[in-house]
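Q: Submitted below is the structure of interest, expressed as structure tokens.
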Amino acid sequence: MGLAFGLLWLFTGFLQGVHGQGVYAPPSVRIVHSGQACNVEEERYSERVYTIREGETLELQCLVTGHPRPQIRWTKTAGGASDRAGDGSVENDTLKIDKISRHQGGRYYCKADNGLGSPAIRSIRVDVYYLDDPIITVHQSVGESKEQFYFERTVFLRCVANSNPPVHYTWRRGRELLTQGSDSGVEIYEPFFTQGETKILKLKNLRPQDYADYTCISSVRNVCGIRDKSAHFILSNKTAPPAIKLLLDDPLVVNHGETITLVCVASGGDPPPSLQWVRPGGEELPKRSIVKAGTLTIPGVTIDEGGPYTCVATNNVGNPAKKTANLLVRGLRKGRFWITPDPYHNDDNIQIGREVKISCQVEATPPEELQFSWLKNGRPLRSSERMVITHTDTEVSPGTTNLDIIDLKFTDFGTYTCVASLRNGGSPEISIDVNISSTTVPPELTVPRGRSHLIAQEGDTVDLQCLVSGKPKPIILWSRVEESAAAAAAGAALMPDGSAQIESYDGVLRIANVTRDMSGTYRCQTSQYNGFNVKPREALITLVVQFPPVVEPVFTEIRQALGRAFSLTCRLLRAHPARLLRYEWKLGSRLLTMGQFSDQRDDTTYQVKALNREGYGEYTCDITNEAGAGRCTFLVTGKAYPPEFYYDTYSALWQNRPRVYGFKLQWTQMEPSAVDRILAYRLGFRQMSQTRWWEQEIPMEGNIQKGELLTYNLTELIKPESYLVRLTPITRFGEGDSTERVITYSAPVNPHLREFQCGFEDEALCLFSQDKTDVFDWTRHSAATRDTKYTPNTGPSSDHNGSKQGFYMYIETSRPRLEGDKARLLSPTFNMNTKSSASSVSNSPTYCFAFYYHMYGKHIGALNVFLRQKGQTVTDTSVWSLTGNQGDRWRQAKVNIHPTAAFQMVIEGVRGSGIEGDIAIDDVTIEEGECKDPPPINLRSLAPPSSPHIWQLCVTLSLALIGRQR
């Protein structure tokens, strides 16, 4: 009794595994290359290094397995820091970079994730090889001896070329190869600090024969086909560093709009130096500039284009020569004034008998040409004892002039004008009028009644207003006030336009389309410019921006079967004001429930006890305050989730028919139990080159289990066309979400890759062949075409996948077959993986040979598998064997093989003692690497098999054991 229940428990556990995960598997990743690689090396710790020449095309492909189909993402790092510049990430299985540059070298990662287990990550290091043209620079030194009778002149020729891998240098003098020690007057060395990137040729105590043509040859030894490059330099007794001079005044002062020309000429240097003009800090020359040799012309020069311009001369001898010219464009900018009441009294008012100072400030270029004059009521004003006019140093910018009126009298009231101009003209004058009268009073600043605390809603236009009085009326500066010590320490808050402060001439700050981030306290204050130079007046205005509730989730799709219970929850994140919040649930336009939030709750939930057809639709929850409403939307539907195509299979099924091919379409159903039972699938397919769709329905019987692999054979596809396939699940609710994939035809090839698979669906048998030395042949059949009336109690009723239309191979043991007759099926010849092959068996690669077999009938003979190796002689080695009746079911066999040469697999069927002895095989695979335990899978036939299910066999076996014990 215990044995029976033990077996029943064991089979129950097996079925749970079958109906649970099924073919769902975490991702695995392998990176292959198909671009223009120079070399791919395997380094320690299995690091792959891919070398490529600069300018070629990098193409890396991320091959993934796993179900559901993993999402692929490429990223790149260089060194220890992430390098995103110019590369970013690519969400595609193929990473392609045309004309790769040296900066795009680094480590590339392929990450595959399908939500099962940990993401799979593989990387490959891309090394970009290049060699730039070498550059020879010459440096000379002259050392005077102690006796002062002669001078020793030493010349250094330095050769530099950027490269990867490190460059190798060779020096020649004329046609003579120079090496260390070949000439006592020549020394060749690599300075340590250059890390091998430069090679220096030192000519000691220069001799007549040292005046010659020198060639530096840089080489990376033809790596990646990169050829050697060379540079030449002719050393003579005239060789000298560059010298230049400027043919212009410094500084060069010009008027706005003039055309200016800067001329730089070489005054020395051999070979003749090249000249160029640059601006400091790498700033570009004006766009209208015309450069010809050492002449720079700028038409219509502007004030902003003034500044230093540098002429640089280089001839690779010594250091570059540099000379700078300063260009000054005459102009006046930023005129402003302020009034200072008597500085000796605390009173800010202007009073008769007191002192008043009027200050005027202007920016000028050049500053020394700035000159000021003063007018009173339009007449020139000269400095006197009571009217003291002073100016700041003319070389200080901005320039300032002051008019001190001492012992103010009534007759001093009037309009004072400050006039700024340039001594030599070239720019219009700037005039600033300042009125001094009995009405001239310092400013006062107030906020209109009821406007110090403003409440607005998001999207409104808000006017913040400060009333300013006084004459002259000053400029108002608006800024924000930090409301916390931490924020104040971090720096001033920015205004809505991103600036620190905003000027206003009418005292109004207008904020359009106000947002919640603009809430806070704003300060308005008087500016000292264009007004009184007194302590600033200021006022504060608080702005409160109300906004509707922010809720989550904004949108959620919920899939439910009829009769199920479920709940919907809408959560409040933030709102202002956060009081008197109300909620309202609706289904479409129909009100379901409503209420008000308590202070302790921040969410509301609506429950459905049993879903009916009227319960499908769009549920909304509106949470409202004074500013508006935030909405959670839930779409409750009975639509089935999309199918998940199974990609971990081979593409086209091989067929030797001239125009057609077949394809085994496999998929699982995402969350099949979430909605009502799937009744059928609508299959649509079309040629990629056409627009017409062909559709048919695939009926389903019974419930689909999660992870259950569904199979359908597509036939009569036209070679070599590709097809777009669409699969749509159908429930009593209607059509669910569709999934599409592309089917691509692959022509048969000699199978020498890492993987091989054959399901015998094509008449060419995947290049399997019959052994001509055996007694009879294996037969290709499907259950739909095989005649079983003579031997009804033997052989399979469907292929391994449960399909009556699917094909398999079997031996027919009816007459005239005799006991012991053998049929041999030979696989294609597989070439060894040459990279990992070795002469010894212990180091030979391992392959996993797997197949499914069906051995049902009371006269079953034997099924044998041999490894046939083709060395100097052909040898057959037995690797697997089984005899006798194994029941009416498909089983899988797996065996590790260790070939040392090109090999074939021989599958031998032996006829038993009678006609009920048919043996069948299906789905033969060969994969590189050791065999792994197969995942529990449940393969469903889309045409229901007539054979009993495994659970029926388990129950039958259990009941039989129980009856026997009784």
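The values are calculated or read from the model by the stated rules, or taken from the named source; none is laboratory data. Keep in mind the model is a prediction, meaning the values are calculated, not measured. Positions of Cβ are generated from backbone atoms using ideal geometry, with glycine treated the same way; all protein chains shown enter the neighbour counts. Calculation scope for accessible area: heavy atoms of the full protein, side chains included, ligands and nucleic acids excluded. Shrake-Rupley method; radii C 1.70, N 1.55, O 1.52, S 1.80 Å.
Q: Would you mind stating whether I919 is closer than 18 Å to R824 by Cβ and in contact (Cβ under 8 Å) with a residue 12 or more places away in the chain?
A: When the stated conditions are applied, I919 passes them.
Q: In addition: Need the failing condition index for S504 against (1) surrounded by 14 or more Cβ atoms within 10 Å (Cβ to Cβ); (2) farther than 30 Å from V608 by Cβ; (3) in contact (Cβ under 8 Å) with a residue 40 or more places away in the chain, just the number.
A: (3)
Q: Return a yes/no flag: does the range 365-376 have any residue that is over 17 Å from A420 (Cβ atoms), under 60 Å from the mean Cα position of the chain (by Cα), in a strand (DSSP E or B) and of a type in the set (A, V, I, L, M, F, W, C).
A: no
Q: Shifting gears a bit: Which numbered condition in (1) touching a strand residue (DSSP E or B) at 6+ places or on another chain (Cβ under 9 Å); (2) surrounded by fewer than 14 Cβ atoms within 10 Å (Cβ to Cβ); (3) outside any loop (DSSP other than H, G, I, E, B) is the only one that S421 fails?
A: (2)
Q: Of the conditions (1) free of Cβ contacts under 8 Å to residues at least 60 places away in the same chain; (2) closer than 14 Å to K323 by Cβ; (3) open to solvent by less than 40 Å² (accessible area, probe 1.4 Å); (4) not in a strand (DSSP E or B), D249 satisfies every one except a single condition; which number is it?
A: Against the list (1) free of Cβ contacts under 8 Å to residues at least 60 places away in the same chain; (2) closer than 14 Å to K323 by Cβ; (3) open to solvent by less than 40 Å² (accessible area, probe 1.4 Å); (4) not in a strand (DSSP E or B), D249 comes up short only on (3).
Q: I would also like to ask the following. Search the range 339-349 for residues being in contact with a strand residue (DSSP E or B) (Cβ under 9 Å, 6 or more places away or on another chain) and open to solvent by 30 Å² or more (accessible area, probe 1.4 Å), and hand back the single one that is nearest to E305 (Cα to Cα).
A: Of the residues in the range 339-349, the ones in contact with a strand residue (DSSP E or B) (Cβ under 9 Å, 6 or more places away or on another chain) are 339-343, 348-349.
Narrowing the set further to residues that are open to solvent by 30 Å² or more (accessible area, probe 1.4 Å) leaves 343, 348-349.
Working: P343: 41, D348: 43, N349: 45 Å.
If we take residues in the range 339-349 being in contact with a strand residue (DSSP E or B) (Cβ under 9 Å, 6 or more places away or on another chain) and open to solvent by 30 Å² or more (accessible area, probe 1.4 Å), then P343 is nearest to E305 (Cα to Cα).
Q: Also, I was wondering about something else. Looking at (1) within 22 Å of V550 (Cα to Cα); (2) of a type in the set (S, T, N, Q); (3) open to solvent by less than 20 Å² (accessible area, probe 1.4 Å), which one does T637 not meet, given that it meets all the others?
A: Of (1) within 22 Å of V550 (Cα to Cα); (2) of a type in the set (S, T, N, Q); (3) open to solvent by less than 20 Å² (accessible area, probe 1.4 Å), only one is false for T637: (1).
Q: If you don't mind, there's one more thing I want to ask. Specify which of the listed residues (L591, L568, L572) is in contact (Cβ under 8 Å) with a residue 60 or more places away in the chain and in a strand (DSSP E or B). Spell out the reasoning first.
A: Numbers: L591 fails: in contact (Cβ under 8 Å) with a residue 60 or more places away in the chain; L572 fails: in contact (Cβ under 8 Å) with a residue 60 or more places away in the chain.
Result of the check over L591, L568, L572: L568.
Q: Name the residues in the range 901-927 that are under 50 Å from the mean Cα position of the chain (by Cα), closer than 26 Å to K772 by Cβ and open to solvent by 10 Å² or more (accessible area, probe 1.4 Å), would you?
A: Passing the criteria: A901, A902, Q904, D923, T925.
Conditions tested, residue by residue: (1) touching a Lys or Arg at 6+ places or on another chain (Cβ under 8 Å); (2) at pLDDT below 90; (3) part of a loop (DSSP other than H, G, I, E, B).
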residue	(1), (2), (3)
R815	no, yes, yes
R824	no, no, no
I860	no, no, yes
N864	no, no, no
Q869	no, yes, no
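Each row is one residue, and each column tells you yes or no for (1) out of contact with any His (no Cβ under 9 Å at 6 or more places or on another chain); (2) modelled with pLDDT of 95 or more; (3) over 30 Å from T295 (Cβ atoms).
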{"residue": "W338", "(1), (2), (3)": "yes, no, yes"}
{"residue": "P341", "(1), (2), (3)": "yes, no, yes"}
{"residue": "H345", "(1), (2), (3)": "yes, no, yes"}
{"residue": "R354", "(1), (2), (3)": "no, no, yes"}
{"residue": "T365", "(1), (2), (3)": "yes, no, no"}
{"residue": "E395", "(1), (2), (3)": "yes, no, yes"}
{"residue": "G399", "(1), (2), (3)": "no, no, yes"}
{"residue": "L403", "(1), (2), (3)": "yes, yes, yes"}
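Q: Quickly run through the range 269-281 and pick out the residues that are open to solvent by less than 70 Å² (accessible area, probe 1.4 Å) and on the phi > 0 side of the Ramachandran plot.
A: If the condition is that a residue be open to solvent by less than 70 Å² (accessible area, probe 1.4 Å) and on the phi > 0 side of the Ramachandran plot, then G269 is the only one that fits.
Q: Now for a separate question. Test each condition in (1) part of a loop (DSSP other than H, G, I, E, B); (2) at pLDDT 95 or above for E721 and report the one that comes out false.
A: So E721 meets the others, but not (2).
Q: Shifting gears a bit: Which of the following residues is touching an Asp or Glu at 6+ places or on another chain (Cβ under 8 Å), farther than 22 Å from V534 by Cβ and surrounded by 13 or more Cβ atoms within 10 Å (Cβ to Cβ): R354, R386? Let's see the steps before the verdict.
A: Working: R354 fails: farther than 22 Å from V534 by Cβ.
One residue alone meets the criteria, R386.
Q: Next up: Are any residues in the range 252-265 hydroxyl-bearing (S, T, Y) and either free of Cβ contacts under 8 Å to residues at least 12 places away in the same chain or in a strand (DSSP E or B) (or both), and if so, which ones?
A: Let us first name the residues in the range 252-265 that are hydroxyl-bearing (S, T, Y), namely 259, 261.
Listed by number, the list holds a single entry, T261.
Q: Kindly indicate which of T324, T310, T392 is open to solvent by 20 Å² or more (accessible area, probe 1.4 Å), among the polar types (S, T, N, Q), out of contact with any Asp or Glu (no Cβ under 9 Å at 6 or more places or on another chain) and more than 23 Å from V434 (Cβ to Cβ). If you could, list the steps in order and put the result at the bottom.
A: On the way: T324 fails: out of contact with any Asp or Glu (no Cβ under 9 Å at 6 or more places or on another chain); T392 fails: more than 23 Å from V434 (Cβ to Cβ).
Criteria check complete, one pass: T310.
Q: A follow-up question, please. Just need a number here: residues in the range 713-739 that are open to solvent by 60 Å² or more (accessible area, probe 1.4 Å) and aromatic (F, W, Y).
A: Residues flagged as open to solvent by 60 Å² or more (accessible area, probe 1.4 Å) and aromatic (F, W, Y) within the range 713-739 amount to 1.
Q: Would you mind stating whether V895 is in contact (Cβ under 8 Å) with a residue 24 or more places away in the chain, β-branched (V, I, T), open to solvent by 20 Å² or more (accessible area, probe 1.4 Å) and closer than 20 Å to F760 by Cβ?
A: Yes.
For every residue, the table says whether it meets (1) open to solvent by less than 50 Å² (accessible area, probe 1.4 Å); (2) part of a loop (DSSP other than H, G, I, E, B); (3) within 18 Å of T340 (Cα to Cα); (4) of a type in the set (K, R).
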site: P443; (1), (2), (3), (4): yes, no, yes, no
site: A456; (1), (2), (3), (4): yes, no, no, no
site: D460; (1), (2), (3), (4): no, yes, no, no
site: L509; (1), (2), (3), (4): yes, no, no, no
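Q: Another question, if that's okay. In the range 928-941, is there at least one residue being in a loop (DSSP other than H, G, I, E, B), modelled with pLDDT of 85 or more, open to solvent by 40 Å² or more (accessible area, probe 1.4 Å) and farther than 27 Å from N801 by Cβ?
A: So far as the range 928-941 goes, no, none of its residues is in a loop (DSSP other than H, G, I, E, B), modelled with pLDDT of 85 or more, open to solvent by 40 Å² or more (accessible area, probe 1.4 Å) and farther than 27 Å from N801 by Cβ.
Q: Quick one: which of I678, I623 is crowded, with 17+ Cβ neighbours inside 10 Å, assigned to a loop (DSSP other than H, G, I, E, B) and of a type in the set (V, I, T)?
A: Going through I678, I623 in turn, the sole match is I678.
Q: Would you tally the residues in the range 405-458 being acidic (D, E) and in contact with a helix residue (DSSP H, G or I) (Cβ under 9 Å, 6 or more places away or on another chain)?
A: Count: 1.
Q: Moving to a separate point now. Looking at (1) modelled with pLDDT of 80 or more; (2) outside any loop (DSSP other than H, G, I, E, B); (3) open to solvent by 50 Å² or more (accessible area, probe 1.4 Å); (4) within 24 Å of Q869 (Cβ to Cβ), find the lone condition where R780 falls short.
A: (4)
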